């Protein structure tokens, strides 16, 4: 019989598991701290647990790490791990060090079923959801490996921020995601602030509403287009949850969110979604002219080209002009700094080694509107 992976449990789940072994609730809290605060995987080292419990756990349970396929370190200090999740599938996790924080970009699925046109992961197709333990193992391993490597003083965390922006659509793996988020937030676990844990979604409206109730953390929405016809082609999920429904869900989410704004991510694609006309359409979408006003921050993301996409990155002057339209209207707008692009760790580049069981690459080639046509009639910045 396979052993129970304790990384699959948030504190409530671990408490229920320990009570099932005849143990008191406080033992679960002790065990939880050993696992997540101290990074312990050996029950015999958990010296304040009763020996009888340690013996039980040794026979029944484990803290299961993910095998490391590879580790790459960028010139800018970014680290990308490729983790084996079995059956020929792998997921990628990226650590981004900065002066005032350390951010871990975590995957939620092996591959992705959404199939966004500009996303390398989407071109690989979808293999399966990760378990809670596989989501948390990425944080557990990165945090405690980096503590040892960097000789971090006791009690200090290396990872201060977690973004669910790796491989996969987190809200399509909701039941595994929420216990992982609760462990990240728990003071007996990683003790992260709700403001410092971000879930990025392409717009799974019903699950946005559930997350608002169950575990409201910071929310980022992959927008990438200001109108439904264009977003239908770039983000196919838009056909199910169009922009009017998505904006309404964003506004509802703000009722419980730890921040008073939604972050909208917008990947800049040359000749597709980067004209001044589209910048003004985007303003109309978020400032109340086409529906409710949504308090937000815009994060413009330079596209990282990969051969299968048929897309190229917007020129720097186009990105600057697009941003100026938004900034002049009072919208907080930033251009994401590219990190880790020399190790294919930048935004949109995570692909891992997933098996394309959905023949996604073939389907991408058969999209009804060629990408040139998407932006063919759109004026360029210098035309206005």
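The values are calculated or read from the model by the stated rules, or taken from the named source; none is laboratory data. Just so it is clear, the model here is predicted, and its values are computed rather than measured. For neighbour counting, all protein chains shown are included, and Cβ atoms are generated from backbone atoms with ideal geometry for every residue, glycine included.
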Name the residues in region 217-241 that are in a loop (DSSP other than H, G, I, E, B), touching a helix residue (DSSP H, G or I) at 6+ places or on another chain (Cβ under 7 Å) and closer than 15 Å to residue 171 by Cα, would you?
217, 241
Pairs under 6 Å by beta carbon, first residue over 19 Å from residue 106 (Cβ atoms) in region 134-154, partner not in a helix (DSSP H, G or I), six or more apart or different chains?
152/158
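Looking for whichever is surrounded by 22 or more Cβ atoms within 10 Å (Cβ to Cβ) and closer than 27 Å to residue 34 by Cβ here; the options are 160, 93, 121. Which one fits?
Numbers: 160 fails: surrounded by 22 or more Cβ atoms within 10 Å (Cβ to Cβ); 121 fails: closer than 27 Å to residue 34 by Cβ.
93 is the lone residue from the list that is surrounded by 22 or more Cβ atoms within 10 Å (Cβ to Cβ) and closer than 27 Å to residue 34 by Cβ.
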Reported set for region 265-281 where residues are within 16 Å of residue 297 (Cβ to Cβ) and out of contact with any helix residue (DSSP H, G or I) (no Cβ under 7 Å at 6 or more places or on another chain) is 265, 266, 267
Helices (runs of 4 or more DSSP H) completely within region 242-328 that count 3 or more residues being crowded, with 16+ Cβ neighbours inside 10 Å and touching a residue at least 60 places away in the same chain (Cβ under 8 Å):
276-286
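Does residue 277 qualify as being more than 26 Å from the chain's Cα centre (by Cα), on the phi < 0 side of the Ramachandran plot and either at pLDDT 95 or above or outside the structural domain of residue 232 (by TED's automatic domain parsing) (or both)? Working first, answer last.
Values: more than 26 Å from the chain's Cα centre (by Cα): yes; on the phi < 0 side of the Ramachandran plot: yes; either at pLDDT 95 or above or outside the structural domain of residue 232 (by TED's automatic domain parsing) (or both): yes.
Yes: the conditions hold for residue 277.
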Based on this model, can you work out whether residue 133 counts as crowded, with 21+ Cβ neighbours inside 10 Å, in a helix (DSSP H, G or I), assigned by TED's automatic domain parsing to the domain that holds residue 186 and at pLDDT below 95?
no
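To keep it simple, each residue is scored yes or no on (1) more than 30 Å from residue 74 (Cα to Cα); (2) modelled with pLDDT under 65.
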residue	(1), (2)
289	yes, no
304	no, no
312	no, no
317	no, no
357	yes, yes
368	yes, yes
